[in-house]
Amino acid sequence: EADPKIFKHLKSKNRKAWIGGFGLSDTTYAKNTSYYIQKRFSSRLGSGLIPSKNYHATQNVSIQCFPLYSVLLALNRTVIDFFSLDVEGSEMDILRTIPFDKILIKVITVEHLILKEGKLGL
């Protein structure tokens, strides 16, 4: 979870799962990037890497991002049963970083409502 406030809340749940307070990189290397937090609604709908007037995501914070493959290697995982990607705009760039010849994702869902490339990016 890239949003620091949501991550803090998620961490307090003490679930038996790996969690990380970082974003997924849209490159094959780690980097810091701007993250826009929606501050108008308590649900945080619309937070992401692209500022969105529709979702009131305008407050900018810097977050650390890692490639999904690097995260999987750190967890010693090369098989994912179910992967859901919803990052409000950088889905296609993140998908392009995944070496599908090195990992197996059995089922994947990808949100595509907001794409930098528009509908042609699909």
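Every number in this text was worked out from the coordinates using simple rules, so none of it is lab data. Quick caveat, the model's predicted, so the values are computed rather than measured. In this analysis, Cβ positions are derived from the backbone assuming ideal geometry, glycine residues included, and neighbour counts consider all displayed protein chains.
May I ask you to compute the full-extension gain from F82 to S70, defined as 0.36 nm times their residue separation minus their alpha-carbon distance, rounded to one decimal in nm?
Length difference between fully extended and current span is 2.5 nm.
Would you please give the residues with an amide H less than 5 Å from that of F83, counting only those at least 5 places away or on a separate chain, with H modeled from the backbone geometry?
V107, I108, T109
Can you work out the FRET efficiency for the pair R15 and I108, with r the C-beta to C-beta distance and R0 = 22 Å, to the nearest 0.05?
Computed FRET efficiency for R15 and I108: 0.50.
State, to one decimal in nm, how far the label point of F7 lies from the label point of T28, with both points 7 Å from Cα in the Cβ direction.
Placing both labels 7 Å beyond Cα along the Cβ direction yields 2.5 nm.
Mind ranking 19-28, 86-95 by how tightly packed they are, going by the mean number of other C-beta atoms within 10 angstrom, highest first?
Packing proxy ranking, top to bottom: 86-95, 19-28.
Distance cut-off 24 Å, Cα to Cα: go down the list K5/K106; K5/K31; K8/K31 and report the pairs above it.
Over 24 Å Cα-Cα: K5/K106.
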